[in-house]
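In what follows, a structure is listed as structure tokens, so that the remarks can point back to it.
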Amino acid sequence: MANSTLKKVALYTLGAFSGVILSLSVQSYAAEKDSQSSLPVQSIRTMAEVYGQIKANYYQDKTDEDLLEGAMKGMVAGLDPHSEFMTKKDYTDLKESTSGEFGGLGMEIGAEDSFVKVIAPIEDTPAERAGVKSGDFIAKIDGVSTRGMTVHEAVKKMRGKPGTSITLTLSRKDVNKPITVKITRAIIKVKSVRYKLLEPGYGYVRISQFQERTVTALNDALKTLHKQNSGALKGLIIDLRDDPGGLLNGAVGVSAAFLKEGQPVVSTKGRDGKEGLKLSSVKKDYMIGMGQDPLAGVPAEMKHIPITILINSGSASASEIVAGALQDHKRAVVVGTQSFGKGSVQTVLPLSNGGAVKLTTALYYTPNDRSIQAQGIVPDVEVKDKKRLFESREADLAGHIGNPSGGTEVNGNIFEPDEASSSPGAKDEKEEKEDLSSRREPNPAKDDQLRKALELVKSPAQWQKSLGLAAKKPAPKKENKEDKE
């Protein structure tokens, strides 16, 4: 008993002593700064007291490393849904995921209301084949609740040796009961660009994610489509639906393929609206780390033929940069439904211990100085997807950053199923396979959004008339509460 008491006293003393030393150090540092930038001495002293109480009274003996790592994770996670503290292993996983080949299930995830949420499954991966959909909540991973679990903790649990299985319990807002899926892990080799000639003269390019080789792969696709038409390509459809984004220079490069040289693509503004990056359709802005120009020899007609871009609520980040840039320059008509609304820039800052911190350092703006944060890109021509019964957007995420321009935030939605279609959750295996097939093999006859996009590029007069239509639409009238009552 005496030893236990002495241990407690010693630990209390350690906590108090640490607090005093830390406070003195902070006060000394703060004295060198002006009054406006002084550090919060009392808050740091309180943090040291909490540390001392945990060391003295918590039922388990936690290492200093665990406590401090937890404090750093909490400090960063409390900023916004996209900022994260990463351990050395987390940082390694992040670098693998942007290289285009990694082990796992194949989906982009985020956090909402203390649960893990699917932003979008990546095309042609185990997650997509298992029926995981954009907007699904992952309630359990192998029977373990994800409540309070960070995104990186969830990633760690879902990644594993290829060939091994994992069971996910999903919650879907248009389905009354939990959905359980068993998925076999695999090496995820994401083919970010797919293409097809829909009919003579009209090409289709699907970008599922922006990676290191996306711009090169796009150029290859455009050259092939050009060759298949003997240089007579008349129109192009770029499909960015359910593309969760990726590398910024990839978005700049894709935009540059269709813009005149030197046209602005995206800019950023940081703290207090301070101007940051200004990226244009010039080589130096998209050739980061590349030995040669990935757009060398891009067919000349790509700078002037009619283009339509398909987006939906799963189109986020880099996808929105491309759609916004081509929309502002009146280079493409945007078709579909309003995009996700992730208009923030995350910078990965390496740390001395091998880890990193991913921080939201700025908001990005389209060439016309529009911020899409928590609002998204508004299509010029709205065409709803009758099969999509639930939409999720940035504005749904707890702690999200508001739009700096003060516009109305756009949340997700739940739609009633079409009377002619089957009820939610009642699709049989054949229908699920047909849905997957239609996403990989574009078919305007079965896809209303694609059909409309094709109609527009085939009618230059209608395409021209639709350019910039979203900007001309009147802002939605705010509901008058008194009138409603």
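The values are calculated or read from the model by the stated rules, or taken from the named source; none is laboratory data. Just so it is clear, the structure is predicted and the values come from calculations on it, not from any experiment. No Cβ is skipped: glycine too gets one built from the backbone with ideal geometry, and neighbour counts run over all protein chains shown. Only protein heavy atoms, including side chains, enter the accessible area calculation; ligands, DNA and RNA are left aside. Shrake-Rupley method; radii C 1.70, N 1.55, O 1.52, S 1.80 Å.
Of the residues making up the range 202-213, those that are open to solvent by less than 10 Å² (accessible area, probe 1.4 Å) and modelled with pLDDT under 95 are 208, 210. Considering each residue of the range 221-229 in turn, none proves to be crowded, with 17+ Cβ neighbours inside 10 Å, within 22 Å of the chain's Cα centre (by Cα) and touching a residue at least 60 places away in the same chain (Cβ under 8 Å). Going by the structure shown, is residue 191 assigned to a loop (DSSP other than H, G, I, E, B) and touching a residue at least 60 places away in the same chain (Cβ under 8 Å)? It is true that residue 191 is assigned to a loop (DSSP other than H, G, I, E, B) and touching a residue at least 60 places away in the same chain (Cβ under 8 Å). From the list 313, 352, which residue is open to solvent by 10 Å² or more (accessible area, probe 1.4 Å), among the hydroxyl-bearing types (Ser, Thr, Tyr) and not in a strand (DSSP E or B)? Testing whether each residue is open to solvent by 10 Å² or more (accessible area, probe 1.4 Å), among the hydroxyl-bearing types (Ser, Thr, Tyr) and not in a strand (DSSP E or B) leaves just 352. Starting from the range 336-347, keep only residues that are open to solvent by 10 Å² or more (accessible area, probe 1.4 Å), then list their pairs with residues that are outside any loop (DSSP other than H, G, I, E, B) and of a type in the set (Val, Ile, Thr) whose Cβ atoms are within a distance under 6 Å, requiring at least 6 positions of separation or different chains. Going by the 6 Å Cβ cut-off, the qualifying pairs are 345/268; 345/361; 346/360; 347/361. Of all residues in the range 170-201, exactly one satisfies the criterion of being among the hydroxyl-bearing types (Ser, Thr, Tyr), surrounded by fewer than 19 Cβ atoms within 10 Å (Cβ to Cβ) and in contact with a Gly (Cβ under 9 Å, 6 or more places away or on another chain), namely 184. Within the range 119-137, being hydrophobic (A, V, I, L, M, F, W, C) and surrounded by fewer than 22 Cβ atoms within 10 Å (Cβ to Cβ) holds for 130, 137.
Within the range 223-246, if we keep just the residues that are part of a loop (DSSP other than H, G, I, E, B) and in contact with a helix residue (DSSP H, G or I) (Cβ under 6 Å, 6 or more places away or on another chain), the residue that is farthest from residue 455 (Cα to Cα) turns out to be 245.
Quick grid of which residues meet (1) out of contact with any strand residue (DSSP E or B) (no Cβ under 8 Å at 6 or more places or on another chain); (2) among the β-branched types (Val, Ile, Thr):
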| site | (1), (2) |
| --- | --- |
| 262 | no, no |
| 269 | no, no |
| 273 | yes, no |
| 279 | no, no |
| 288 | yes, yes |
| 300 | yes, no |
| 303 | yes, no |
| 311 | no, yes |
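Tell me yes or no: at least one residue of the range 129-148 is in contact (Cβ under 8 Å) with a residue 40 or more places away in the chain, farther than 25 Å from residue 73 by Cα and hydrophobic (A, V, I, L, M, F, W, C). Yes.
The sole residue among 333, 378 that is under 20 Å from residue 239 (Cβ atoms) and surrounded by fewer than 24 Cβ atoms within 10 Å (Cβ to Cβ) is 378. Entry remark, the range 170-188: residues being under 26 Å from residue 210 (Cβ atoms) and either of a type outside the set (A, V, I, L, M, F, W, C) or in a helix (DSSP H, G or I) (or both) number 1 in total. Can you tell me which residue in the range 273-287 is nearest to the chain's Cα centre (by Cα), limited to those that are exposed (fewer than 14 other Cβ atoms within 10 Å of the Cβ) and closer than 16 Å to residue 364 by Cβ? Across the range 273-287, the extreme among qualifying residues is 278. For residue 167, the criteria (1) at pLDDT 95 or above; (2) surrounded by 18 or more Cβ atoms within 10 Å (Cβ to Cβ); (3) in a strand (DSSP E or B) hold in every case but one, which is (2). For the range 247-269, the candidate set comprises residues that are more than 16 Å from residue 327 (Cα to Cα) and part of a strand (DSSP E or B); within that set, the residue that is most open to solvent (accessible area, probe 1.4 Å) is 269. Pairing residues of the range 371-382 that are outside any loop (DSSP other than H, G, I, E, B) with residues that are aliphatic (A, V, I, L, M), at Cβ distances under 6 Å and at least 6 apart in sequence or on separate chains, gives 371/363; 381/335. Does residue 155 meet the test of being part of a helix (DSSP H, G or I), β-branched (Val, Ile, Thr) and in contact (Cβ under 8 Å) with a residue 24 or more places away in the chain? Yes; evaluated as a whole, the condition is true for this residue.
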